[in-house]
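Novice: Before we start, here is the structure in question, set down as structure tokens.
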Amino acid sequence: MDRDEADLYEENTFLTARQERLILHPHGRFKKYYIMFMFIISFVSLITAPFTMAFETFQRYSISPLKATNMLFDAIFVVDIFLNFRIGYISAYQVIILNPERIRMAYLKTWFIIDVISSYPADYIAVIFEYTVPPDMPSEEIMILLQKVRLFRVLRLLRIARLVHYIDKLKLLTELELFINDRIIRLGSMIGFIVLVLHWNACIQYAITRTHPCTESCWIYKENLEDKSMVEKYTFSVFRAISQLVTMGYGSTEPPREIEDLWIVMTSFICGSFMYQNILAHMSAMAANTQQAAMLYREKISTVKEYMSYRKLPKELRLRIFDYYETRYQGKWFNEQYIISQMSESLKEEVMIHLCIRLVRKAPLFQKVDNNILNDIITNLQCEMFQPGDIVFLEGSFGNKMYFIEYGEVQVETDFFKKKLMDGDYFGEISLLKRVSRTATVRALTLCNLFSLNTERFEEVCEAYPEMKKTIAETAAGRLETLHDSELEKQTMSK
């Protein structure tokens, strides 16, 4: 932390009680809900403001519901400007700034100008204008003047920058990315941006034509829209905007004749080309991010193919290897061990506990073990996968692992008996404490995902907790004796 940040920390420490009450904490609950509220208000105002600007019919000395809504939004944006002087922020050095003077300077340097300009109160000015013009002034002239005043509502477009800022803040404050895929958020943002561009383009095209008397060369006159309903006017305007933005045509039966229409069409063509490039760039980036794991999987499979060709493996074995990779990774390559190894010890422990706690607790060996010891055991588990027909281990082979079945079905078999084990079962536990050969063969009957505990890792835990080893040894000895008696009984019955 440099000197300036140290000064900020000291200033935050010695705030008065009155100042603390007046400053909103950047991580507070109010901040989260306030940003949600402002995001909704900003988005809705970006829809209603241009629509009112273009299609609202003029009625002197009256306030329509749309106009009242926009006036309410204007008032909220003004209040928002004052509130931003009292909301703390997080500096580049991740220091929470609660000092009023620092907050004021930071806001003035960043969002203040954009918020002031985008909060232009067009409807308030229009209402004042209606009540101040001479009563004998023709309604058509008043409507044209009011339209020119309302045309400044295009400044509301600056709120789009605020929308992006609100989305970023909501990701941090609500942990949105943990519950909704980031690709879905980006796709929704892109669709929302396209909708706003189309909506504003359609409304601006119609609004500009109302700033002067409509002539025969005006596209509104040519399409006979003057006496149509508000829905019909908006629908045709959207069609015209889409046609121009995708450069399919002028959106009307004839090319534009008036200067305003020519500039609007040219601007729409240019905006459409930029929007098209932006959409392609976003889609390409999303596709690349989406297929990153799949691309890595294909690279690994290509390497495996080269290896199998080099070693001249038989066809049947190659198919089994392909099946293993397909079922193990499902078309996407994730190095789970590497991912978990990069986590802190506490996070690694939480992940492994989430995956394995129920499996390990079911084993009699660990039912009387303390939770702290059990957590150390769980963090040493390794994930293994077996395909149908794979042999987990053979009878008589040296045993150095115990297995827990997450899902799948295996068969434990000797010359005298067979037994099936399923989800949640375990086997091979005797090898953890006694250096003995395997007493049975275990074969996978279905696709099996197992967690294994290595003898060496288990002994490391036992050295740290010697009292645990004695408890587990007693449990294992009893279980071994039970299995031995059961096997002798089956041998006798078979004879």
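Novice: Please work out if TYR33 is within 29 Å of VAL197 (Cα to Cα) and modelled with pLDDT under 90.
Specialist: On the way: within 29 Å of VAL197 (Cα to Cα): yes; modelled with pLDDT under 90: yes.
So TYR33 fits the description; yes.
Novice: When you scan the range 130-157, how many residues do you find that are under 46 Å from the mean Cα position of the chain (by Cα), among the charged types (D, E, K, R) and open to solvent by 40 Å² or more (accessible area, probe 1.4 Å)?
Specialist: Qualifying residue count for the region: 1.
Novice: Which pairs have Cβ atoms under 7 Å, sit 6 or more apart or on different chains, and link a residue in the range 116-129 that is open to solvent by 70 Å² or more (accessible area, probe 1.4 Å) to one that is in a helix (DSSP H, G or I) and among the charged types (D, E, K, R)?
Specialist: Once the first residue is open to solvent by 70 Å² or more (accessible area, probe 1.4 Å) and sits in the range 116-129, its partners that are in a helix (DSSP H, G or I) and among the charged types (D, E, K, R) give TYR124/ASP74.
Novice: Let me ask something additional. Could you please find all residues in the range 102-131 being hydroxyl-bearing (Ser, Thr, Tyr) and at pLDDT 80 or above? Before you say what the answer is, go through the steps one by one.
Specialist: Taking the range 102-131 as the starting set, the residues that turn out to be hydroxyl-bearing (Ser, Thr, Tyr) are 107, 110, 118-120, 124, 131.
Within the range 102-131, TYR107, THR110, SER118, SER119, TYR120, TYR124 meet the criteria.
Novice: Report yes if ALA92 is hydrophobic (A, V, I, L, M, F, W, C) and not in a helix (DSSP H, G or I), otherwise no.
Specialist: Numbers: hydrophobic (A, V, I, L, M, F, W, C): yes; not in a helix (DSSP H, G or I): yes.
Considered against the rule, which asks whether it is hydrophobic (A, V, I, L, M, F, W, C) and not in a helix (DSSP H, G or I), ALA92 comes out as yes.
Novice: Hey, among PHE236, PHE274, which residue is under 25 Å from SER45 (Cα atoms), at pLDDT 80 or above, in contact with an Asp or Glu (Cβ under 7 Å, 6 or more places away or on another chain) and open to solvent by 20 Å² or more (accessible area, probe 1.4 Å)?
Specialist: On the way: PHE274 fails: in contact with an Asp or Glu (Cβ under 7 Å, 6 or more places away or on another chain).
After ruling out the rest, the residue left standing is PHE236.
Novice: Separate question: Checking the conditions here, which among VAL231, VAL197 is of a type in the set (Val, Ile, Thr) and within 14 Å of PHE51 (Cβ to Cβ)?
Specialist: Working: VAL197 fails: within 14 Å of PHE51 (Cβ to Cβ).
Every option except VAL231 fails the conditions.
Novice: Sticking with this structure for a sec: For LEU145, state whether it is under 23 Å from HIS199 (Cβ atoms) and either polar (S, T, N, Q) or free of Cβ contacts under 8 Å to residues at least 60 places away in the same chain (or both). First the steps, then the outcome.
Specialist: On the way: under 23 Å from HIS199 (Cβ atoms): no; either polar (S, T, N, Q) or free of Cβ contacts under 8 Å to residues at least 60 places away in the same chain (or both): yes.
Judged against the criteria, LEU145 is not a match.
Novice: Being of a type in the set (Lys, Arg) and closer than 17 Å to LEU453 by Cα is the filter; apply it to the range 414-441 and report the residue that is modelled with the highest pLDDT.
Specialist: Residues of the range 414-441 of a type in the set (Lys, Arg): 418-420, 434-435, 438.
Still in the list and also closer than 17 Å to LEU453 by Cα: 434-435, 438.
Numbers: LYS434: 72, ARG435: 71, ARG438: 85.
Of everything passing the filter in the range 414-441, ARG438 is modelled with the highest pLDDT.
Novice: Only one residue in MET38, MET71 is farther than 23 Å from ALA241 by Cβ, at pLDDT 90 or above, open to solvent by less than 70 Å² (accessible area, probe 1.4 Å) and of a type outside the set (D, E, K, R), so which one is that? Walk me through it before giving the result.
Specialist: On the way: MET71 fails: at pLDDT 90 or above.
Going through MET38, MET71 in turn, the sole match is MET38.
Novice: Right, another one. Being among the small types (Gly, Ala, Ser) and within 32 Å of the chain's Cα centre (by Cα) is the filter here; which residues of the range 49-93 pass it? Walk me through it before giving the result.
Specialist: The first filter runs over the range 49-93 and keeps only residues among the small types (Gly, Ala, Ser), leaving 49, 54, 62, 64, 68, 75, 88, 91-92.
Matches in the range 49-93: ALA49, GLY88, SER91, ALA92.
Novice: Out of the residues in the range 102-140 that are of a type outside the set (A, V, I, L, M, F, W, C) and in a loop (DSSP other than H, G, I, E, B), which is nearest to HIS212 (Cα to Cα)?
Specialist: Let us first name the residues in the range 102-140 that are of a type outside the set (A, V, I, L, M, F, W, C), namely 102, 104, 107, 109-110, 115, 118-121, 123-124, 130-132, 134-136, 138-140.
Filter again for in a loop (DSSP other than H, G, I, E, B), leaving 110, 119-121, 134-136, 138.
On the way: THR110: 38, SER119: 26, TYR120: 23, PRO121: 22, PRO134: 20, PRO135: 21, ASP136: 20, PRO138: 14 Å.
The extreme case among them is PRO138.
Novice: Another question about this same structure. Could you tell me whether GLU177 is modelled with pLDDT under 75 and under 30 Å from ILE90 (Cβ atoms)?
Specialist: Numbers: modelled with pLDDT under 75: yes; under 30 Å from ILE90 (Cβ atoms): yes.
Judged against the criteria, GLU177 is a match.
Novice: Within the range 79-115, how many residues turn out to be without any contact (Cβ under 8 Å) to a residue 60 or more places away in the chain and among the basic types (Lys, Arg)? Step through it out loud before you land on a result.
Specialist: Within the range 79-115, the subset without any contact (Cβ under 8 Å) to a residue 60 or more places away in the chain is 79-85, 92, 94, 101, 104-115.
Filter again for among the basic types (Lys, Arg), leaving 104, 109.
Count: 2.
Novice: Hey, another quick one. Show me the helices (runs of 4 or more DSSP H) found entirely inside the range 308-420 where at least 3 residues are in contact (Cβ under 8 Å) with a residue 24 or more places away in the chain and open to solvent by less than 30 Å² (accessible area, probe 1.4 Å).
Specialist: On the way: elements: 315-329, 336-341, 345-362, 371-378.
Filter on the range 308-420 gives 345-362, 371-378.
Novice: Still on this structure, please answer the following. As an exercise: evaluate PHE458 against (1) open to solvent by 20 Å² or more (accessible area, probe 1.4 Å); (2) under 26 Å from ASP370 (Cα atoms); (3) at pLDDT 80 or above and give the number of the one condition it does not meet.
Specialist: (1)
Novice: Follow-up. Would you mind stating whether ILE160 is surrounded by fewer than 18 Cβ atoms within 10 Å (Cβ to Cβ) and under 23 Å from ILE76 (Cα atoms)? So that I can check it myself, show each step before the final result.
Specialist: Working: surrounded by fewer than 18 Cβ atoms within 10 Å (Cβ to Cβ): no; under 23 Å from ILE76 (Cα atoms): yes.
Against the criterion (surrounded by fewer than 18 Cβ atoms within 10 Å (Cβ to Cβ) and under 23 Å from ILE76 (Cα atoms)), ILE160 does not qualify.
Novice: Next question. Return the total of residues in the range 74-110 being open to solvent by 60 Å² or more (accessible area, probe 1.4 Å) and farther than 15 Å from LYS31 by Cβ. Show your work before the answer.
Specialist: Going through the range 74-110, the residues open to solvent by 60 Å² or more (accessible area, probe 1.4 Å) turn out to be 78-79, 82, 86, 89-90, 92-94, 101-102, 104-105, 108-110.
When the remaining residues are screened for being farther than 15 Å from LYS31 by Cβ, the result is 78-79, 82, 92-94, 101-102, 104-105, 108-110.
Looking only at that region, the number is 13.
Novice: Let me ask something additional. Return yes when ILE472 is modelled with pLDDT under 85, within 19 Å of VAL360 (Cα to Cα) and surrounded by 17 or more Cβ atoms within 10 Å (Cβ to Cβ) and no when it is not.
Specialist: Working: modelled with pLDDT under 85: yes; within 19 Å of VAL360 (Cα to Cα): yes; surrounded by 17 or more Cβ atoms within 10 Å (Cβ to Cβ): yes.
Considered against the rule, which asks whether it is modelled with pLDDT under 85, within 19 Å of VAL360 (Cα to Cα) and surrounded by 17 or more Cβ atoms within 10 Å (Cβ to Cβ), ILE472 comes out as yes.
Novice: With respect to LYS305, determine if the residue is at pLDDT 80 or above and either among the charged types (D, E, K, R) or open to solvent by 90 Å² or more (accessible area, probe 1.4 Å) (or both). Lay out the reasoning, then the answer.
Specialist: Details: at pLDDT 80 or above: yes; either among the charged types (D, E, K, R) or open to solvent by 90 Å² or more (accessible area, probe 1.4 Å) (or both): yes.
Yes, satisfied.
The values are calculated or read from the model by the stated rules, or taken from the named source; none is laboratory data. Small disclaimer: the values here were computed from a predicted structure and weren't measured. When we count neighbours, we look across all protein chains shown, and the Cβ atoms used for this are built from the backbone with ideal geometry, even at glycine. In case anyone asks, the SASA skips ligands and DNA or RNA and just uses the protein heavy atoms, side chains included. Shrake-Rupley method; radii C 1.70, N 1.55, O 1.52, S 1.80 Å.
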